[in-house]
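Enquirer: The structure's right below; bear with me while I get my questions together.
The values are calculated or read from the model by the stated rules, or taken from the named source; none is laboratory data. Keep in mind it's a predicted model, so treat the numbers as computed, not measured. Counting neighbours? That spans all protein chains shown, and the Cβs are built from the backbone with ideal geometry, glycine included.
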Amino acid sequence: MIRSSDIQISYDHPGCPTEVAWAKVPREPDMLEKAELVARVKRMLLEQSAVLVAHYYVHPDLQDLAEATGGIVSDSLDMAKFGHEHPAKTIVVAGVRFMGETAKILNPEKRVLMPDLDANCSLDLGCPAGEFAAFCDAHPDRTVVVYANTSAAVKARADWMVTSSIALPIVRHLREQGEKILWAPDRHLGNYIKQQTGADMLMWQGSCMVHDEFKTRELQALKAQHPRARVLVHPESPESVIALADVVGSTTQLIKASQQLMADEFIVATDNGILHKMRNLSPQKTFLEAPTAGRGATCKSCAHCPWMAMNGLCNLAEALETGKNEILVDPVTIQRAALPIQRMLDFARQINLPTRGIGNA
Ligand code: 13P
Ligand code: SF4
């Protein structure tokens, strides 16, 4: 029998997936090139009836461009919703592969492009579809709930898909129905939800190699130096880091908290790409990155996702120009994987979950 703990990916050797990703991070264009690329992308988006959907972790240039062109910058739930509801013929996803696949599954008739198709995610990589199917087969009495950060094939095996902004109400709902849950792949998010809801959850043992790097003792020390700072933590972080949080939530929820809390200083435990939006919305406030490197640390990420970093202006322009890097998912997988995603979107509508990226019209 496949046990979830059998699947381990190591990130600290030459040629490991993150090293490969860092090597593909595009170079930063100079000011002149940047202006020319921005103008070209704007023109091509219009000509191709395309919309740019970006995540908060990608380069600030892409976040700004998405907003300036009528697209969105948001968390993964709103990225999925926005692309689904938008009339554009092409959705350009600046994020990681599972976000592009989700857009394609929800919109099979639309073209979905990405700046780089190799932009992956350690949670997705750590949950191969074959092993996951065997794990599910071994526990047929459980409702299968998967995090958005999974491949289309893994979603095709699920009953529900959730993102971090809606995982708690969905699992609470399932618990109220008396259902036992098989959860994959993020063990930290899974444990957090289990603690909050009391649900019976059997976990796949995956983790995000970016959030896994946040260090508890160093965070305590930083808190001691900044006693008035509020701590904002994404639930993919380890339990001991979550325990130090004032607010735990999805990227959108953390940004909202940074606007709404009566504090001048924040320590942020998630990918540092999020600071662009936080600083723009609250320029008078101070935002500090939660520590990743410390005693015993193996900081490969330094609070930035190497796969998110693979999105740049140059490869975005190239994707639109050539039509390359189109996300394709086979029709049978689309049909099956659409069910758990649609179930989540319907649930979000029913409970009236406030959505839309922050600062988007
Ligand atoms: P959000 O849905 O909170 O944006 O999270 C996506 C993600 O990949 C976090 O690492
Ligand atoms: Fe995946 Fe972590 Fe990157 Fe998010 S930050 S996309 S969970 S590797």
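Enquirer: So if I check each of VAL210, VAL233, which one is modelled with pLDDT under 95 and buried (at least 24 other Cβ atoms within 10 Å of the Cβ)? Break it down into steps so the answer makes sense when it comes.
Expert: Details: VAL233 fails: modelled with pLDDT under 95.
Result: VAL210 is the single residue among VAL210, VAL233 that is modelled with pLDDT under 95 and buried (at least 24 other Cβ atoms within 10 Å of the Cβ).
Enquirer: Those residues that are of a type outside the set (Gly, Ala, Ser), within 20 Å of the chain's Cα centre (by Cα) and either within 14 Å of ligand 2 (Cβ to nearest atom) or farther than 15 Å from GLY126 by Cβ (or both), I need them from region 205-230; list them, please. Steps first, answer last, please.
Expert: Going residue by residue through region 205-230, those that are of a type outside the set (Gly, Ala, Ser) are 205, 208-220, 222-223, 225-228, 230.
Add one more test, that the residue is within 20 Å of the chain's Cα centre (by Cα), and what stays is 205, 208-214.
Matches in region 205-230: CYS208, MET209, VAL210, HIS211, ASP212, GLU213, PHE214.
Listed here are the residues, each with its yes/no results for (1) of a type in the set (A, V, I, L, M, F, W, C); (2) more than 16 Å from ligand 1 (Cβ to nearest atom).
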| residue | (1), (2) |
| --- | --- |
| PHE266 | yes, yes |
| ALA309 | yes, no |
| GLY323 | no, yes |
| VAL332 | yes, yes |
| ALA338 | yes, yes |
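Enquirer: Related question: Every residue in region 45-85 that is touching a residue at least 60 places away in the same chain (Cβ under 8 Å), more than 26 Å from MET161 (Cα to Cα) and part of a loop (DSSP other than H, G, I, E, B), please.
Expert: Within region 45-85, GLN48, HIS59 meet the criteria.
Enquirer: To continue, here is another question. Among the residues of region 131-173, write down those that are without any contact (Cβ under 8 Å) to a residue 60 or more places away in the chain, farther than 27 Å from GLY95 by Cβ and out of contact with any Leu (no Cβ under 8 Å at 6 or more places or on another chain).
Expert: Once the filter is applied, which keeps residues that are without any contact (Cβ under 8 Å) to a residue 60 or more places away in the chain, farther than 27 Å from GLY95 by Cβ and out of contact with any Leu (no Cβ under 8 Å at 6 or more places or on another chain), region 131-173 yields ASP137, PRO140, ASP141, ARG172.
Enquirer: Here's something else I'd like to know. I'm trying to understand the selection: among the residues of region 102-112, which are touching a Gly at 6+ places or on another chain (Cβ under 7 Å) and either more than 16 Å from ligand 1 (Cβ to nearest atom) or assigned to a loop (DSSP other than H, G, I, E, B) (or both)?
Expert: ASN107, VAL112
Enquirer: Could you please find all residues in region 21-37 being under 23 Å from ASP271 (Cβ atoms) and surrounded by 13 or more Cβ atoms within 10 Å (Cβ to Cβ)?
Expert: Listed by number, the residues that qualify are ALA21, TRP22, LYS24, VAL25, PRO26, PRO29, LYS34.
Enquirer: While we're looking at this one, here's another question. I'm trying to understand the selection: among the residues of region 163-217, which are among the β-branched types (Val, Ile, Thr) and within 23 Å of CYS305 (Cβ to Cβ)? Working first, answer last.
Expert: First pass over region 163-217, keeping only residues among the β-branched types (Val, Ile, Thr): 163, 166, 170-171, 181, 193, 197, 210, 216.
Correct list: THR163, ILE166, ILE193, VAL210, THR216.
Enquirer: Right, something else. Just to be sure I understand, how many residues within region 262-292 are hydrophobic (A, V, I, L, M, F, W, C) and touching a Ser or Thr at 6+ places or on another chain (Cβ under 6 Å)? Full working, then the answer.
Expert: To start, the set of residues in region 262-292 that are hydrophobic (A, V, I, L, M, F, W, C) comprises 262-263, 266-269, 274-275, 278, 281, 287-288, 290.
From what is left, the residues that are touching a Ser or Thr at 6+ places or on another chain (Cβ under 6 Å) are 266, 269, 274, 278.
Of the residues in region 262-292, 4 are hydrophobic (A, V, I, L, M, F, W, C) and touching a Ser or Thr at 6+ places or on another chain (Cβ under 6 Å).
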